[in-house]
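Below: one structure, written as structure tokens.
The values are calculated or read from the model by the stated rules, or taken from the named source; none is laboratory data. Everything numeric in this text was worked out from a predicted model, so none of it was measured. Cβ atoms come from the backbone with ideal geometry, glycine included; neighbour counts cover every protein chain shown. Calculation scope for accessible area: heavy atoms of the full protein, side chains included, ligands and nucleic acids excluded. Shrake-Rupley method; radii C 1.70, N 1.55, O 1.52, S 1.80 Å.
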Amino acid sequence: MLETRGPVVLPALLLCDFGHLAHEVERLESAGAAGLHLDVMDGRFVPQLTYGMVVVEAVRRAAKGPIEVHLMVEQPETCIEEYAKAGADILTVHLEGLSDPRRTLETISALGPRAHLAISPGTPVERMEPYLDVCDGVLVMSVEPGFGGQRFQPVALEKLSHLAALRSQRGGSFLLAVDGGISTETIAPVAAAGAELIVAGSAVIRTPDYALAIAQLEQLARGAA
Ligand code: DX5
Ligand code: ZN
């Protein structure tokens, strides 16, 4: 599915019109979105409180394609089973919030979803290395988690390049993902650094024509990959 198409844009719903959620899902999928990115925030791991299981289930019912659930919550291990049941195809957990990352990633895989491990801008990429063998994907945050529409932090580029190099040295198969501050200016550098799943919130949702925004971003990514 996602791995066969080259770099793809996953629109983040965070800034969409939640009063017309199913319509937004339909608009994004018919605009060519390869998958959708859902930001679950608990108001404690990050300052903002967004939504939880009920909304993830509603998106699952409305969406035909894959959905990624990006958990920005304290103690994510306590709710992964519920999000797996809610229909996450990818379940992304933050290294900073985990007491036993290996166990949590293995549990996610055993429940069914792909297990992705995320790091915030201040977390050294080396801290992921012991867990790469149990990751289906790694998500490098290029903004501080918590809000859409922030400025891209270039530290993500070094981390992506480092992970891409490790993957080819070790023969790993995890996907490289990036999230935060993606725009027509920043998407080519992240794709050149190796990003394959590229989350874009405001760069898609704050435009009138989702199809045009996704096509332009993916074209720039493919040109650089
Ligand atoms: C930030 C979220 C992102 C956010 C991206 O905490 O993880 O997924 O929605 O939004 P943009 O693309 O506007 O930075
Ligand atoms: Zn996110």
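Annotations for the structure displayed:
- Reported count of residues in the range 154-174, each being open to solvent by 50 Å² or more (accessible area, probe 1.4 Å) and either touching a strand residue (DSSP E or B) at 6+ places or on another chain (Cβ under 6 Å) or of a type in the set (Asp, Glu) (or both), is 1.
- Considering Val25, Val93, Val56, the condition of being within 22 Å of Glu3 (Cβ to Cβ), crowded, with 16+ Cβ neighbours inside 10 Å and β-branched (Val, Ile, Thr) is satisfied by Val93 alone.
- Residue match in the range 115-126 (condition: of a type in the set (Val, Ile, Thr), touching a strand residue (DSSP E or B) at 6+ places or on another chain (Cβ under 6 Å) and crowded, with 19+ Cβ neighbours inside 10 Å): no
- Pro145 meets all of the listed conditions (1) touching a helix residue (DSSP H, G or I) at 6+ places or on another chain (Cβ under 8 Å); (2) open to solvent by 10 Å² or more (accessible area, probe 1.4 Å) but one, namely (1).
- Put simply, of Gly112, Gly172, Gly87 the only residue that is under 17 Å from Ala12 (Cα atoms), over 15 Å from the mean Cα position of the chain (by Cα) and touching a residue at least 24 places away in the same chain (Cβ under 8 Å) is Gly87.
- Of all residues in the range 174-196, none are closer than 20 Å to Pro76 by Cα, in a loop (DSSP other than H, G, I, E, B) and not hydrophobic (A, V, I, L, M, F, W, C).
- Of the criteria (1) open to solvent by 20 Å² or more (accessible area, probe 1.4 Å); (2) closer than 17 Å to His70 by Cβ; (3) charged (D, E, K, R); (4) within 15 Å of ligand 1 (Cβ to nearest atom), which one Arg151 fails: (2)
- Scanning the range 187-200 for residues that are under 20 Å from Arg151 (Cβ atoms), open to solvent by 20 Å² or more (accessible area, probe 1.4 Å) and either acidic (Asp, Glu) or within 16 Å of ligand 1 (Cβ to nearest atom) (or both) yields Ala188, Pro189.
- Screening the range 3-21 for residues that are among the aliphatic types (A, V, I, L, M) and open to solvent by 10 Å² or more (accessible area, probe 1.4 Å) and picking the one that is nearest to ligand 2 (Cβ to nearest atom) gives Leu14.
- The single condition from (1) within 16 Å of ligand 2 (Cβ to nearest atom); (2) over 13 Å from Val8 (Cβ atoms) that Ala211 fails is (1).
- Residue check for Glu77: within 14 Å of ligand 2 (Cβ to nearest atom) and touching a Ser or Thr at 6+ places or on another chain (Cβ under 7 Å): no
- Test: residue in the range 157-178 that is in contact with a Lys or Arg (Cβ under 6 Å, 6 or more places away or on another chain) and over 20 Å from Glu3 (Cα atoms): no
- Any hit, the range 186-207, residues being at pLDDT below 95 and more than 24 Å from Leu15 (Cβ to Cβ): no
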